[in-house]
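The values are calculated or read from the model by the stated rules, or taken from the named source; none is laboratory data. Note that the structure is predicted; figures quoted are calculated from it, not measured. Every residue, glycine as well, gets a Cβ built from its backbone with ideal geometry; the counts of neighbours run over all protein chains shown. Quick note on the areas: whole protein, heavy atoms, side chains included, nothing else; ligands and nucleic acids left out. Shrake-Rupley method; radii C 1.70, N 1.55, O 1.52, S 1.80 Å.
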Amino acid sequence: MLACLYGLTLAGCKREERDFHGDAASADTTASVQLTELVPGLPPSIEPSASAAGPVRADFEKVAFHLSEGQRLYEQFNCVGCHANGGGDIGPPLMDDVWLYGASPEQIYASLAQGRPNGMPAYGRKLSRQQTWQLVAYVRSMSGLTPKDAAPARNDFTQSVPPPNSTPATNPVSGPNPSPTAEHGSR
Amino acid sequence: MATWVLLVLTCVPAAFAQSGPVQKNWPMASGNYENSRYSALDQITSDNVKNLRVAWTFGTGVNRGHEEAPVVVGSTMYLVTPYPNFLYALDLSQSGAIKWKFEPKPLAAAQGEACCDYVNRGVAVADGRVFMNTLDGRTIALDADSGKLLWDRRLCDINVGETMTMAPLVIGDKVLVGNAGSQFGARGWIQALDAKSGTTAWKAFSTGSDADCLIGPSFKPYYAQDRGHDLGISTWPIDQWKIGGGTVWGWVSYDPDLDLLFYGTGDPASWNADVRPGDNKWCSGIFARRPSTGEAVWFYQYTAHDLYGHDGINESIVTDIELKPGEGKRKVLLHADRNGHLYVLDRQSGEVLSATPFVRVTATTGVDLKTGYLQFVADKKPQLGKTVRDIAPAAPGGKDWQPSAFSPRTGLMYLPHQTLSMDFEEAPVNYIAGTPYIGAHAKFYADPVDPGDGSRGRFTAWDPAAQKAAWTIKERFPVWCGTVVTAGDVVFYGTMDRWFKAVDAKTGRELWKFQVDSGIVSQPITYLAPDGKQYVAVVAGVGGWPGKIVSNDLKPEDPGSAHGFGNAMKDLPNYTAKGGTLYVFCLQ
């Protein structure tokens, strides 16, 4: 019981952490981002490096402040205009388990900063690194990939989906090439 | 068979007698300059349409929303697909064998700048050239016979949200094209390109100075509020007109006798109307211009200070009709606007002769015919941080881009449209070039009162003189497909739940239907092939704004997907999958 309380207290502390110098944690980890599970010459059963949990996930996704900031930035930087409340619009949905360019924090960071060729703009020069990681954390919370105790418990607008802390966790899978031609289309 | 031959012999000459070669071909997306989508072909009639069978089909190789019209000249059909905008020339004397294929290779990034799926509404063919627009904002001319590239001009900057989806129109030696992207704050324009070289003959913006809008001494608008200096600047807060929308992504019609072209302008940006107090000229209205110089002759604003993204780009049908018995025919435009009113305009002056609701309207109380202003309902005005409920018609309007038809035989206008209402919450808005500039959270749903049974679409025959519906057919989903009406008194349209239908133009009685592979959001056409038979063609392939829930795999759990349209289309994936197939029908 005591251990449990202690654990909760610790988790609570992390949840309330304010890191105003977040760039220190965001050394550029995107150089090694890969967009496929195929790694020639790698022995079987070894996880691709991009999906390994890194310090970034620990630092940002457990902190309610970062997730909440990510939620605000998602609206203010017009992410919402293309991805809606996660259901998708011009861009693909973010609330489901399908990821065209990877679901790991590093992969999402790379997608935000570098852009992606089928319409995702490169936000690298518009967002600070801290803002980008905050957005990464919020985007992952939309499909239940972040700790429930830190994810936002409410949305800012009425026409929306249940808040991220009520979103069931998903098991990310790689999506198809988003080609509009029939050979690759349906899923 | 013998009877059929007799039909050909007796009917075809009559068809040609009416107005020359246009009747045989379908040389532009709208069929003719009038935008009437009326064909004088009459082999297929309300009596024999039940014998319509598939003659041939063609898979486009693309599975996004197919909103295009096939275009037919002589023995060739020209079919442009959604992005990546393949253009096929199909040989009608060989059941659609590919004569040539052109791949314009648009920038892939343009997919992120297209609000309402990667659509294209068709090409235009004139004097041996094919003119096409691409999603990344180029107009291209090809040799119609060989497919050889003649010229290729980039007219848009996708980094400010500009794309092109509209079908070009050719008047004389000029090709008229316009941009899309009001939802990104793109500043609207129409321009005339020289058909031979592709150079710009004139370009008229929808916002900004009189010089930019080609407003000069010839400009004589009917209503007082449209007269003044630089209204395209003064009806906006400082500099807002630069990101004010008013794109020209819809239909252009033309009256050769008056030598006037007519086109509508898109909605003002952003959807959050509080950032743009003023009438927001020249958005959500209609311009009449001279094709040779582009100079404006008149303008009328359907929706001044548009609050609901209602746009003004819907087609204006050029026709002469008698509005009151004994008064004689008047030169009018027929226009079913997204704001839910069907306008009859005097096309010489821009005067509104009538404006009648054709769907349930809660947002406004009608048009004041003295001032021309649409009267808004104060309770339905969007506010920051407040959700206003039951705004009808919803943002896509009582009818969107899907073009109507007019038959001089019945005097009726045929409207494919929708019955949707919406909840709308204004939100803070932030302009970042190249990203959506919306500032609103919306949720559309089947109109709860009229019809109130959950159906979201209608196909209505409208009597513009009597200002009422002659008959109407309810459909489960928005009828997001154009229509064509023929001298055989048959009207064709398609539905998003995969039916292609023929109904009696006089009564609305269903005469024939055929199930296709994917929902229809395109524009059916009819033409006379080299074998002397009348054919009907339509492309199936669901998508567009309401169909994006299927074509872009949106999640029905999010009521805000597709800017709120996703909420009204949750059940569409139960009725159709993606597709892209051309169907061509003829009598058995």
- What is the number of the single condition among (1) over 22 Å from the mean Cα position of the chain (by Cα); (2) surrounded by 18 or more Cβ atoms within 10 Å (Cβ to Cβ); (3) within 14 Å of chain A (Cβ to nearest Cβ) that B:Phe444 does not meet? (1)
- Message: Anything in segment B:490-545 that is within 21 Å of B:Met166 (Cα to Cα), in contact with a Ser or Thr (Cβ under 7 Å, 6 or more places away or on another chain) and β-branched (Val, Ile, Thr)? List them, or say none.
- Response: B:Ile520, B:Thr526, B:Val538, B:Val539, B:Val542
- Message: List the residue pairs whose Cβ atoms are under 8 Å apart, where the first residue sits in segment B:573-588 and is within 11 Å of another protein chain (Cβ to nearest Cβ) and within 12 Å of B:Leu79 (Cβ to Cβ), the second is hydroxyl-bearing (Ser, Thr, Tyr) and surrounded by fewer than 22 Cβ atoms within 10 Å (Cβ to Cβ), and the two are 6 or more positions apart or on different chains.
- Response: B:Thr581/B:Thr57
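Give the residues of segment B:517-544 that are within 11 Å of another protein chain (Cβ to nearest Cβ) and open to solvent by 10 Å² or more (accessible area, probe 1.4 Å), sorted by residue number.
Passing the criteria: only B:Asp517.
Quick check on B:Thr507: is it in a strand (DSSP E or B), more than 30 Å from B:Val62 (Cα to Cα) and either at pLDDT 95 or above or open to solvent by less than 10 Å² (accessible area, probe 1.4 Å) (or both)?
Here the answer is no, as B:Thr507 does not meet what is asked.
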- Task: Please go through segment A:74-97 and pick out each residue that is more than 8 Å from every other protein chain (Cβ to nearest Cβ) and more than 18 Å from B:Ile432 (Cα to Cα).
- Result: A:Leu94, A:Asp97
- Query: Quick one: which strands (runs of 3 or more DSSP E) sit completely within segment B:16-88 and have at least 2 residues that are within 14 Å of chain A (Cβ to nearest Cβ) and over 18 Å from B:Pro403 (Cβ atoms)?
  - Reply: B:52-59
- Message: I need a count of the residues in segment A:116-138 that are of a type in the set (A, V, I, L, M) and within 14 Å of chain B (Cβ to nearest Cβ).
- Response: 4
- Task: Scan segment B:184-215 residue by residue and report those that are open to solvent by 10 Å² or more (accessible area, probe 1.4 Å), of a type in the set (Gly, Ala, Ser) and in contact with a helix residue (DSSP H, G or I) (Cβ under 8 Å, 6 or more places away or on another chain).
- Result: B:Ser209
- Out of (1) more than 11 Å from chain A (Cβ to nearest Cβ); (2) farther than 12 Å from B:Thr576 by Cα; (3) in contact (Cβ under 8 Å) with a residue 24 or more places away in the chain, the odd one out for B:Pro559 is which? (1)
- Query: Taking the condition in contact (Cβ under 8 Å) with a residue 60 or more places away in the chain, away from chain B (no Cβ under 13 Å), part of a loop (DSSP other than H, G, I, E, B) and open to solvent by 10 Å² or more (accessible area, probe 1.4 Å), does A:Ala113 pass?
  - Reply: no
- Query: Looking at (1) under 25 Å from the mean Cα position of the chain (by Cα); (2) farther than 25 Å from B:Pro27 by Cβ; (3) surrounded by fewer than 16 Cβ atoms within 10 Å (Cβ to Cβ), which is the only condition B:Gly181 fails?
  - Reply: (3)
- Message: Kindly evaluate B:Glu113 against the criterion of being charged (D, E, K, R), surrounded by fewer than 22 Cβ atoms within 10 Å (Cβ to Cβ) and within 14 Å of another protein chain (Cβ to nearest Cβ).
- Response: no
- Please state which of the following conditions A:His66 fails to meet, knowing it meets all the rest: (1) open to solvent by 20 Å² or more (accessible area, probe 1.4 Å); (2) assigned to a helix (DSSP H, G or I); (3) of a type outside the set (Asp, Glu); (4) in contact with an Asp or Glu (Cβ under 8 Å, 6 or more places away or on another chain). (1)
- Message: Just to be sure before I move on: is B:Arg289 under 24 Å from B:Asp210 (Cα atoms) and buried (at least 24 other Cβ atoms within 10 Å of the Cβ) in the structure I sent?
- Response: yes
